[in-house]
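Student: Okay, handing you the structure first.
The values are calculated or read from the model by the stated rules, or taken from the named source; none is laboratory data. Worth saying up front: this structure is predicted, and the values here are computed from it rather than measured. FYI the Cβ positions are ideal-geometry reconstructions off the backbone, even for glycines, and counts take in every protein chain you see.
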């Protein structure tokens, strides 16, 4: 994703940062969009100019006026392309009132460009500081067109959404758990070109521009089967996975960090149910302690976690950690929630959410025949007991769990 460039200037005498805009689709009367965001650090001062550059002849064809992006009053300018192309470039500058950083926002309305001509951005420092440039990665990216003195786009610092960079917000990357699918009614298996277990190609990377870890965690983001709105105008463009009783209540294959983020949101909601006092700092600590590290995450786990953050989300181990720290104060509504059954395919388990002095565990088959019994003592919140099911024949079983004043029953299939 060559949507970013940056430069750390040491002073006003440094050479400018120059990069060219690369249209992902050739500009036309029906394809005229594109956006560029430029941010300097607080107190940084720079000038910005847009040029039309012929990179074969190393010649500036036409240029906008130079704008002072650090002007406290801000400014606007429309640069009209009158030679070797048609269209307009709109520039708006400001000192952002929230972070006090000089900001330039550029929108493109370019309908044509001659071959070997490109729009260029020239950022000239007026004092020391760092400047970052991002494109929308939908219409345009950044390139150097193999020209000396110009900067090629990269995929660094691409987690630039306002929500994703917040200091008290958990940012989520996506990894792939399914790379093939079959459309509803089709027997053809199609491949989405991702690698199962690895980071998804669309997942943005960090860190934040101030060095903070972003994202903090990753979760499954491709290919996820999700419920769809039957009134969605884009429904026909989504590979359908199934419906309910031949109705239009459909499920479809979807991918994106928008699929991964709900995994983390639901997990955090569960942790907060166990301990409503958890802070964003507490959540980061739990993620760091419990995230899964494997052959994929270990290949890139720097101090700032630019791709994987702390690793892959482990909702269950995180919940056990929360329970071990606080437990759950029993109430009348919680009297049946003192133990939960964890129906894993291998090693199904019982998870205790409240303190128990003595607990008896019994397993019966469907004929009522006793198959297993064990007594546990001094159980603390967050403790797990894995059921020894390896010696059981395949079938349906009933678990009876009896405490001093409580009991619970569960069924499971071996």
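Student: So which strands (runs of 3 or more DSSP E) are wholly in region 169-269 and hold at least 3 residues that are in contact with a helix residue (DSSP H, G or I) (Cβ under 9 Å, 6 or more places away or on another chain) and under 18 Å from residue 294 (Cβ atoms)?
Tutor: Here the list reads 172-176, 217-222.
Student: Please indicate, with yes or no, whether at least one residue in region 63-72 is in the same structural domain as residue 99 (by TED's automatic domain parsing), within 23 Å of residue 208 (Cβ to Cβ) and either in contact (Cβ under 8 Å) with a residue 24 or more places away in the chain or not in a loop (DSSP other than H, G, I, E, B) (or both).
Tutor: Within region 63-72 (the criterion being in the same structural domain as residue 99 (by TED's automatic domain parsing), within 23 Å of residue 208 (Cβ to Cβ) and either in contact (Cβ under 8 Å) with a residue 24 or more places away in the chain or not in a loop (DSSP other than H, G, I, E, B) (or both)), the answer is yes, since at least one residue qualifies.
Student: Sticking with this structure for a sec: Would region 147-156 turn up any residue that is surrounded by fewer than 19 Cβ atoms within 10 Å (Cβ to Cβ) and under 17 Å from the mean Cα position of the chain (by Cα)?
Tutor: yes
Student: Also, quick follow-up: Scan region 129-144 residue by residue and report those that are buried (at least 16 other Cβ atoms within 10 Å of the Cβ) and outside any strand (DSSP E or B).
Tutor: If the condition is that a residue be buried (at least 16 other Cβ atoms within 10 Å of the Cβ) and outside any strand (DSSP E or B), then 136, 137, 139, 144 are the ones that fit.
Student: Given the criterion more than 21 Å from residue 27 (Cβ to Cβ) and in the same structural domain as residue 58 (by TED's automatic domain parsing), identify the matching residue among 130, 148, 80, 109. Spell out the reasoning first.
Tutor: On the way: 148 fails: in the same structural domain as residue 58 (by TED's automatic domain parsing); 80 fails: more than 21 Å from residue 27 (Cβ to Cβ); 109 fails: more than 21 Å from residue 27 (Cβ to Cβ).
Checking each option against the conditions leaves just 130.
Student: Quick check on this structure: which one of 104, 76, 93 is crowded, with 17+ Cβ neighbours inside 10 Å, part of a strand (DSSP E or B) and free of Cβ contacts under 8 Å to residues at least 60 places away in the same chain?
Tutor: Residue meeting the stated conditions: 93.
Student: Next question. Can you find even one residue in region 255-263 that is buried (at least 16 other Cβ atoms within 10 Å of the Cβ), touching a strand residue (DSSP E or B) at 6+ places or on another chain (Cβ under 7 Å) and more than 30 Å from residue 6 (Cβ to Cβ)?
Tutor: Yes.
Student: Still on this structure, I have one more. Anything in region 389-403 that is in contact with a strand residue (DSSP E or B) (Cβ under 7 Å, 6 or more places away or on another chain) and either more than 9 Å from residue 414 (Cβ to Cβ) or assigned to a strand (DSSP E or B) (or both)? List them, or say none.
Tutor: 396, 397, 398, 399, 400, 401, 402, 403 - these are the residues of region 389-403 that are in contact with a strand residue (DSSP E or B) (Cβ under 7 Å, 6 or more places away or on another chain) and either more than 9 Å from residue 414 (Cβ to Cβ) or assigned to a strand (DSSP E or B) (or both).
Student: Within the set of pairs 6 or more residues apart or between chains, which connect a residue that is free of Cβ contacts under 8 Å to residues at least 40 places away in the same chain inside region 262-289 to a residue that is outside any helix (DSSP H, G or I) and surrounded by fewer than 14 Cβ atoms within 10 Å (Cβ to Cβ) with Cβ atoms less than 6 Å apart?
Tutor: That search, which allows pairs on different chains as well, returns nothing.
Student: Name the residues in region 1-36 that are assigned to a strand (DSSP E or B) and more than 18 Å from residue 118 (Cα to Cα), would you?
Tutor: If the condition is that a residue be assigned to a strand (DSSP E or B) and more than 18 Å from residue 118 (Cα to Cα), then 6, 7, 8, 9 are the ones that fit.
Student: Please work out if residue 110 is in contact (Cβ under 8 Å) with a residue 24 or more places away in the chain, assigned to a strand (DSSP E or B) and closer than 22 Å to residue 149 by Cα.
Tutor: In short, no.
Student: Go through region 276-288 and give me each residue that's crowded, with 17+ Cβ neighbours inside 10 Å and either assigned by TED's automatic domain parsing to the domain that holds residue 340 or not in a helix (DSSP H, G or I) (or both).
Tutor: 278
Student: Would you call residue 337 under 24 Å from residue 319 (Cα atoms), in contact with a strand residue (DSSP E or B) (Cβ under 7 Å, 6 or more places away or on another chain) and not in a strand (DSSP E or B)?
Tutor: Answer is no for this residue.
Student: Also: Mind telling me which of the residues 395, 382 ends up being outside the structural domain of residue 318 (by TED's automatic domain parsing), at pLDDT below 90 and touching a helix residue (DSSP H, G or I) at 6+ places or on another chain (Cβ under 7 Å)?
Tutor: Of the residues listed, the single one that is outside the structural domain of residue 318 (by TED's automatic domain parsing), at pLDDT below 90 and touching a helix residue (DSSP H, G or I) at 6+ places or on another chain (Cβ under 7 Å) is 382.
Student: Could you list, in sequence order, all residues of region 294-316 that are more than 24 Å from residue 157 (Cβ to Cβ) and either modelled with pLDDT under 90 or out of contact with any helix residue (DSSP H, G or I) (no Cβ under 6 Å at 6 or more places or on another chain) (or both)?
Tutor: Correct list: 294, 295, 316.
Student: Let me ask something additional. Restrict the check to region 361-368 and report whether at least one residue is outside any strand (DSSP E or B), on the phi > 0 side of the Ramachandran plot, over 40 Å from the mean Cα position of the chain (by Cα) and without any contact (Cβ under 8 Å) to a residue 24 or more places away in the chain. Working first, answer last.
Tutor: Initially, region 361-368 is screened for residues outside any strand (DSSP E or B), giving 366-368.
Restricting the remaining residues to those that are on the phi > 0 side of the Ramachandran plot gives 368.
Next, from what is left, pick out any that are over 40 Å from the mean Cα position of the chain (by Cα): 368.
With the extra rule that they be without any contact (Cβ under 8 Å) to a residue 24 or more places away in the chain, the set shrinks to 368.
Scanning region 361-368 turns up at least one residue that is outside any strand (DSSP E or B), on the phi > 0 side of the Ramachandran plot, over 40 Å from the mean Cα position of the chain (by Cα) and without any contact (Cβ under 8 Å) to a residue 24 or more places away in the chain.
Student: Still on this model: Condition first: closer than 21 Å to residue 283 by Cα, touching a residue at least 60 places away in the same chain (Cβ under 8 Å) and in contact with a strand residue (DSSP E or B) (Cβ under 7 Å, 6 or more places away or on another chain). Now tell me which residues in region 205-249 satisfy that.
Tutor: 215, 217, 218, 219
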